[in-house]
Amino acid sequence: MPELPEVETVRRTLNALVKGKQIENVTVRLPRIIIRPDDTQAFAHMLAGHSIVNVERRGKFLRLVLDGLVLVSHLRMEGRYGLYQAGEPLDKHTHVIFHFTDGTELRYNDVRQFGTMHLFQPGEDLTLPPLVKLGQEPLEPSFTAGRFKEIVSGKSTKIKSLLLNQEYVVGIGNIYVDESLHRAGIHPELSAKALTGEQLDRLHHAIVATLTEAVDAGGSSIKSYVNGQGESGTYQQQLLIYGRKDQPCSVCGTIIEKSVVGGRGTHYCPSCQQPSAH
């Protein structure tokens with residue numbers, strides 16, 4: 001599933017591709033992608049004539065801000081957008097097509113068919129599902145070390161599970177949680193409330209640094225992720241722990257191990273990330 005760096009990269013490329021374009025009409029080829037409204041004809045009718053003002057992001061969700069509407073799009077496992085000329089051959093996995101007045105088309109392609117789209121009036125999207133319960137954005141200035149400590153304080157949840165919970169901090173999925181915990185030298189199974197102030201400072205710094213570097217690299221293309229221009233990310237070349245089971249840790253040389261935490265495959269170094277809070 002694309003995480004914050006990948007979705008942020010898609011946001012940036014989509015802004016360059018479709019900002020200012022006017023929607024002439026919309027074709028929905030797979031109705032279950034459209035969640036709100038639950039009538040695909042109403043969905044298409046509402047969008048016709050509107051222009052894209054900006055493409056924004058909230059956690060792992062894209063927010064296509066139009067002049068009078070907001071389209072919330074979740075890519076899930078393998079959803080992707082691409083800009084095409086009208087008349088170009090359609091892929092069998094293209095499920096939604098936004099036809100623009102200039103003869104181009106924004107196509108949503110999703111092999112796994114897990115993606116979703118919700119259409120809202122402006123401001124409504126932040127007060128209703130799927131965005132209403134989302135937590136702190138980790139790349140916003142408001143995500144200070146103090147704010148992070150407030151989020152974590154007193155919680156007995158394992159720190160990895162807490163970081164994966166989108167109601168606390170948004171956008172950090174399995175890849176970047178493993179990378180951040182390794183960078184901070186914290187074992188993924190430690191209780192959040194057992195972490196010292198110094199450890200939380202290190203983890204806060206690690207989260208921000210890891211996500212910032214990943215965004216700069218265009219995200220990680222572990223499986224099929226590409227940005228809005230069909231380009232792969234390169235951060236997977238810099239991963240220090242994720243996907244490196246049985247390889248030596250780049251910090252200490254100890255063999256990297258893999259376990260399961262909260263139902264998720266978890267990579268860690270048994271030397272750098274001791275299962276003790278001190």
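The values are calculated or read from the model by the stated rules, or taken from the named source; none is laboratory data. If you're wondering where the values come from, they're calculated on a predicted model, not measured in any experiment. Every residue, glycine as well, gets a Cβ built from its backbone with ideal geometry; the counts of neighbours run over all protein chains shown.
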Residue match in region 105-117 (condition: buried (at least 19 other Cβ atoms within 10 Å of the Cβ), part of a strand (DSSP E or B) and acidic (Asp, Glu)): yes
Residues that are in a helix (DSSP H, G or I) and buried (at least 24 other Cβ atoms within 10 Å of the Cβ), drawn from region 163-183: LEU163, ILE175, TYR176, VAL177, ASP178, GLU179, SER180, LEU181, HIS182
Filter result for ASN109 (within 30 Å of GLN237 (Cβ to Cβ), in contact with a His (Cβ under 7 Å, 6 or more places away or on another chain) and not aromatic (Phe, Trp, Tyr)): yes
Subset of region 184-208 [under 15 Å from LEU164 (Cβ atoms) and part of a loop (DSSP other than H, G, I, E, B)]: ILE186, PRO188, GLU189, LEU190
Top-ranked residue of region 139-157 - restricted to ones that are basic (Lys, Arg) and touching a helix residue (DSSP H, G or I) at 6+ places or on another chain (Cβ under 7 Å), ranked as farthest from ALA194 (Cα to Cα): LYS149
Residues satisfying the stated conditions in region 1-20, i.e. among the charged types (D, E, K, R) and within 15 Å of GLU56 (Cβ to Cβ): GLU8, ARG11, ARG12, LYS19
Failed criterion for GLY243 (all others in (1) on the phi < 0 side of the Ramachandran plot; (2) surrounded by 14 or more Cβ atoms within 10 Å (Cβ to Cβ); (3) of a type in the set (Gly, Ala, Ser) hold): (1)
Unique residue being touching a Leu at 6+ places or on another chain (Cβ under 7 Å) and modelled with pLDDT of 95 or more when the list is THR127, THR104, THR94: THR104
Condition check for LEU131: outside any helix (DSSP H, G or I), among the aliphatic types (A, V, I, L, M) and in contact with a strand residue (DSSP E or B) (Cβ under 6 Å, 6 or more places away or on another chain): yes
Sole exception among (1) of a type outside the set (D, E, K, R); (2) free of Cβ contacts under 8 Å to residues at least 24 places away in the same chain; (3) closer than 30 Å to GLY265 by Cβ for PRO5, by number: (2)
Residue check for THR157: of a type in the set (Ser, Thr, Tyr), farther than 30 Å from ASP91 by Cα and surrounded by fewer than 21 Cβ atoms within 10 Å (Cβ to Cβ): yes
The one condition in (1) out of contact with any Asp or Glu (no Cβ under 9 Å at 6 or more places or on another chain); (2) crowded, with 16+ Cβ neighbours inside 10 Å that ASN25 fails to fulfil: (2)
Single condition TYR84 does not satisfy, out of (1) under 22 Å from the mean Cα position of the chain (by Cα); (2) surrounded by 14 or more Cβ atoms within 10 Å (Cβ to Cβ); (3) modelled with pLDDT of 95 or more; (4) not basic (Lys, Arg): (1)
LEU47 being in contact (Cβ under 8 Å) with a residue 60 or more places away in the chain, over 30 Å from VAL169 (Cα atoms), among the hydrophobic types (A, V, I, L, M, F, W, C) and assigned by TED's automatic domain parsing to the domain that holds HIS118: yes
Residue under evaluation LEU240, criteria (1) modelled with pLDDT under 95; (2) not in a loop (DSSP other than H, G, I, E, B), criterion not met: (2)
Test: ILE52 is part of a strand (DSSP E or B), assigned by TED's automatic domain parsing to the domain that holds THR94, over 19 Å from VAL132 (Cα atoms) and over 24 Å from the mean Cα position of the chain (by Cα): no
Counted residues, region 36-49 - those being under 26 Å from the mean Cα position of the chain (by Cα), part of a loop (DSSP other than H, G, I, E, B) and of a type outside the set (Asp, Glu): 1
